[in-house]
Amino acid sequence: MTAQLLHCVTDPSPEFHALLSRLTDRGQSDLGRVEPEVREIIAEVTARGDAALSEYVRRFEGRAPAPLFTRDYGGLQALRSLDPEVRAALEFAAARIRRYHERQREHLGGFEERHDEILLGSRVSPLDRVAVYAPGGKARYPSSVLMSAIPAAVAGVRDILVATPDAAPEVRAACHLAGVHGLLDAGGAQAIAALAHGTESVPRCDKIVGPGNLYVTAAKRLVFGRVSIDGLAGPSEILVIADDSASPRVVAADLLSQAEHDEAAYPLLLSTSAALVSAIDAELVQQLGSLPRREVAAAALRVNGHALVVSELERLVQVANQLAVEHVALHTRHARQLCDRIVRAGAVFIGHATPEAAGDYVAGPSHVLPTGGAARFGAPLGVYDFVSRSSLIEYSADALRAHGEHIRALARSEGLEAHARAVEVRTHGTPKG
């Protein structure tokens, strides 16, 4: 079968296995191509601070913002200036995101317990200062500010900064609603460098979160270790899982909602019905014709639009977990039961009535999700990303005497005599030997 927009393959076949293998490895990005240039940018900003940052903003963005960094970014005024419908939507989304993450905060897991005169515990503390990178360029994303900064605020972070080039009123309003404390008027690798190392005007941060382009992603990878990061974001992606109960029109709309993000986005379909794939493809053609961002969406479909057809439910589950996609939408009978078996996904959208767009804006969980197969080990951005954990250990003298023999034996077996003596000066007054 030849589809008009979706490249369709059926299991089992050599084409199916080749495509599945390629899609499984889709997270291999071309960071090495830009890394030398990004290293130079980071080195210059680290060495020359604001002067280098300003030069790169002029070179890459064609602007000369003054100031580069401000804590008086006019968020409340921007909120009041918005179209009432947009303002209401931002406030509604902010409230729902905050409520979800306040519930998440209740499960962070700090504890203390005392047994046999030994106190053991795990302490959870908010980070001091974090930065949210909000992309500019092709579109502005106030929703990304809400989805990234609100979990940090709920975690109790003292100082939350946002880096974005030439922030639109909607973005400034979102900063205000999220509780952002400062705004860096810069993007790209130069912004990441400034946030990681600090400059005369930009405070150094403990963690940087949020997606960006290839240069931003390369910069985040290079500064990791000096600061923490949330992950390395790739193109947006969706896997729609559909059986013959699905509506072709609704499935096509969900695929296009991801395809319009970027020409490199992955609109993927996994189905038990080849006939359904044909119907969905026809819907894609029809809906694409009236889409304002049809050129972007068409490019994504042309490059990464694939349909995989399998015959059995078990194989469907296996393929979905192997792909570990950012967004998984279940358009099937018994979608809730199927959800329990899809365990490698950034976010799962259950049932015909649940569009991925709800998760992008107002449902509540952060839409900052692992991409490129990183859902195998990654997680959505959440309150837990903005805390540090410390282990707590307290021995009584009697407890140390009870454990001392084991500690000394293990220490000496590793050739670490000072470790053993550190016990003995407490239990015997002077170390042996």
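The values are calculated or read from the model by the stated rules, or taken from the named source; none is laboratory data. Source: prediction; values computed, not measured. A quick note on method: Cβ atoms are made from the backbone with ideal geometry, for glycine too, and the neighbour counts reach across all protein chains shown.
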Practice prompt. Considering every residue within the stretch 116-124, establish whether at least one is part of a loop (DSSP other than H, G, I, E, B), charged (D, E, K, R) and at positive phi.
Written response: yes
Worksheet item: Can you name the number of the only condition in (1) part of a helix (DSSP H, G or I); (2) within 17 Å of ASP230 (Cβ to Cβ) that VAL130 fails?
Response: (1)
Worksheet item: Which one of these is under 25 Å from GLN28 (Cβ atoms), out of contact with any helix residue (DSSP H, G or I) (no Cβ under 9 Å at 6 or more places or on another chain) and either in contact (Cβ under 8 Å) with a residue 40 or more places away in the chain or not basic (Lys, Arg) (or both): GLY225, GLY210?
Response: GLY225
Worksheet item: How many residues are over 27 Å from GLN337 (Cβ atoms), in contact with a strand residue (DSSP E or B) (Cβ under 9 Å, 6 or more places away or on another chain) and acidic (Asp, Glu) if we restrict to the stretch 232-285?
Response: 1
Discussion item. Is it the case, given these coordinates, that PRO380 is closer than 22 Å to ARG98 by Cα, surrounded by 20 or more Cβ atoms within 10 Å (Cβ to Cβ) and in contact with a Lys or Arg (Cβ under 9 Å, 6 or more places away or on another chain)?
Written reply: no
Discussion item. Between a residue in the stretch 266-292 that is more than 11 Å from LEU6 (Cβ to Cβ) and not assigned by TED's automatic domain parsing to the domain that holds ARG315 and any residue that is surrounded by fewer than 17 Cβ atoms within 10 Å (Cβ to Cβ) and among the aromatic types (Phe, Trp, Tyr), which pairs come within a Cβ distance under 6 Å, given they are 6 or more apart or on different chains?
Written reply: none
Practice prompt. Tell me the strands (runs of 3 or more DSSP E) entirely within the stretch 152-225 that contain at least 3 residues that are of a type outside the set (Gly, Ala, Ser), more than 19 Å from ALA43 (Cα to Cα) and touching a His at 6+ places or on another chain (Cβ under 8 Å).
Written response: 159-163
Worksheet, complete the sentence: Within the stretch 111-144, residues free of Cβ contacts under 8 Å to residues at least 60 places away in the same chain and in contact with a strand residue (DSSP E or B) (Cβ under 7 Å, 6 or more places away or on another chain) come out as PHE111, GLU113
Worksheet item: For ALA43, are the conditions met, namely being part of a helix (DSSP H, G or I), free of Cβ contacts under 8 Å to residues at least 12 places away in the same chain, more than 22 Å from GLY231 (Cα to Cα) and not assigned by TED's automatic domain parsing to the domain that holds ALA307?
Response: no
Discussion item. I need a count of the residues in the stretch 322-342 that are on the phi < 0 side of the Ramachandran plot and part of a loop (DSSP other than H, G, I, E, B).
Written reply: 7
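Rundown of residues vs (1) aliphatic (A, V, I, L, M); (2) surrounded by fewer than 14 Cβ atoms within 10 Å (Cβ to Cβ); (3) over 28 Å from the mean Cα position of the chain (by Cα); (4) not assigned by TED's automatic domain parsing to the domain that holds GLU37, yes/no style:
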{"position": "ALA47", "(1), (2), (3), (4)": "yes, yes, yes, no"}
{"position": "ARG59", "(1), (2), (3), (4)": "no, yes, yes, no"}
{"position": "TYR73", "(1), (2), (3), (4)": "no, no, no, no"}
{"position": "PRO84", "(1), (2), (3), (4)": "no, yes, yes, no"}
{"position": "TYR100", "(1), (2), (3), (4)": "no, no, no, no"}
{"position": "PHE111", "(1), (2), (3), (4)": "no, yes, no, no"}
{"position": "ARG123", "(1), (2), (3), (4)": "no, yes, no, no"}
{"position": "LEU127", "(1), (2), (3), (4)": "yes, no, no, no"}
{"position": "VAL145", "(1), (2), (3), (4)": "yes, no, no, no"}
Worksheet entry | Top-ranked residue in the stretch 86-115 [being assigned to a helix (DSSP H, G or I) and touching a Ser or Thr at 6+ places or on another chain (Cβ under 8 Å); ranked as farthest from LEU184 (Cα to Cα)] | HIS101
Discussion item. Let me confirm something: among GLY364, GLY305, GLY351, GLY359, which residue is in contact with a strand residue (DSSP E or B) (Cβ under 7 Å, 6 or more places away or on another chain), modelled with pLDDT of 95 or more and on the phi > 0 side of the Ramachandran plot?
Written reply: GLY351
Fill in: From ALA320, ALA274, residue being among the small types (Gly, Ala, Ser), crowded, with 21+ Cβ neighbours inside 10 Å and within 24 Å of HIS334 (Cβ to Cβ)
ALA320
Worksheet item: Condition test on VAL145, is it of a type in the set (A, V, I, L, M, F, W, C), modelled with pLDDT of 95 or more and in a strand (DSSP E or B)?
Response: no
Worksheet, complete the sentence: (1) surrounded by fewer than 19 Cβ atoms within 10 Å (Cβ to Cβ); (2) farther than 15 Å from VAL383 by Cβ; (3) at pLDDT below 95 all hold for GLY136 apart from (1)
